[in-house]
Amino acid sequence: MITAKASPLQKWIYASKIASWPKIFVPFLFGHCTGASLTGNWHHLAFLCGLFSTLSFTLAIVYLNDFGDHKVDTIKRKLFPLSGSAKTIPDGILTQAALGKAGIGAVCLYLGIACVLTSYLHRPFFLPICLLSVLVLHSYTFGWLRLNYRGGGEIFEMVGVGFLMPYSAAYLQSGLAWHSFYGVFLGGLPLAMSSALASGLSDEESDQVGGKTTFTTQWGNPWVRQAVLSCVPSGIAISLWMCSCYGGWHPALNVVPCLGILHHWKKLHQLAPKAVTRAYKYQKEFKYNLHLLLWKWQLAMSLLCLTSFLMWG
């Protein structure tokens, strides 16, 4: 486990939460593959610059959320001093001031890249999308809204990760502000919601003490676990339906992504009854299998978006 005595580089790597990056980067890749499949070309500059843009925004999310959540994280550490992973600020890994400065710097870099891409690649809507993303990030944790503390955190993650991220990537890659096949991103809404819901399970009691309203604190652990199991097949069904209607997919292709997630789907049903309040081990395994299912699904969809258009036009 990381400690306050670790090197500065180790501390920043830990604070960056690299293990959580696929939650953002897999939808990013899905969006680019979708956009490229619509134009028949892969825009290398759009992808590389978009990659740096997404990296900077991901770091902004991680740093500023830890900055804004330090009080709740401190409460959790006091309630359960020996459970869970190390908390960046309460466990003395980095200071709140350092995280705040790094988060603001990441936001500035993100908007700077957005300005360049909007002008150089002639994507007039990309900068407004990025500004909207920054506004959402601010409203999520800061200001008088602080929607992450008023029951809006899961909704924002659902829209941002499930739709806005792949859509903005597809637009950046293709230059198309809208295409009927973008409807496939609607399937990402319930999938992203399942991830957001599962992430709140382990913080149930500390969120209650800290006055943070989430779906878990409002509706309870059993309801959230059942909602996760309902959101996953809903998102998959929407994605496959949109692909069949607007993607020109061969029906046999629908089987391919489903085969890759059957094991994790089975594990989710086995772990769900065990992931009760305070069962942190099973909650962690539950979230781990859920995230692997989501990432494998979207990676398979990314590849099929390319191959289906190349093979069947």
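The values are calculated or read from the model by the stated rules, or taken from the named source; none is laboratory data. No experiment lies behind these values; they were computed from the predicted model shown. As a convention, Cβ positions derive from the backbone with ideal geometry for all residues, glycine included, and neighbour counts pool all protein chains shown. Ligands, DNA and RNA are excluded from the accessible area calculation, which covers all protein heavy atoms including side chains. Shrake-Rupley method; radii C 1.70, N 1.55, O 1.52, S 1.80 Å.
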Quiz prompt | Neighbours by Cβ (under 7 Å, 6+ apart or cross-chain): first from segment 272-284, under 22 Å from residue 20 (Cβ atoms); second open to solvent by less than 100 Å² (accessible area, probe 1.4 Å) and among the aromatic types (Phe, Trp, Tyr) | solution = 272/286; 275/282; 275/286
Quiz item: From the list 230, 195, which residue is open to solvent by less than 10 Å² (accessible area, probe 1.4 Å), among the small types (Gly, Ala, Ser) and at pLDDT 95 or above?
Solution: 195
Quiz prompt | Boolean, residue 127 is open to solvent by 40 Å² or more (accessible area, probe 1.4 Å), of a type in the set (A, V, I, L, M) and in a loop (DSSP other than H, G, I, E, B) | solution = no
Quiz item: Hey, among the residues in segment 136-172 that are in a loop (DSSP other than H, G, I, E, B) and among the aromatic types (Phe, Trp, Tyr), which one's farthest from residue 41 (Cα to Cα)?
Solution: 144
Practice problem: From (1) in contact (Cβ under 8 Å) with a residue 60 or more places away in the chain; (2) in contact with a Leu (Cβ under 7 Å, 6 or more places away or on another chain), pick out the condition that doesn't hold for residue 156. | Solution: (1)
Self-check item: Top-ranked residue in segment 37-86 [being open to solvent by 40 Å² or more (accessible area, probe 1.4 Å), not in a helix (DSSP H, G or I) and not polar (S, T, N, Q); ranked as nearest to residue 209 (Cα to Cα)]
Solution: 81
Quiz item: Taking segment 286-311 as the region of interest, how many residues are under 20 Å from residue 230 (Cβ atoms) and open to solvent by 60 Å² or more (accessible area, probe 1.4 Å)?
Solution: 2
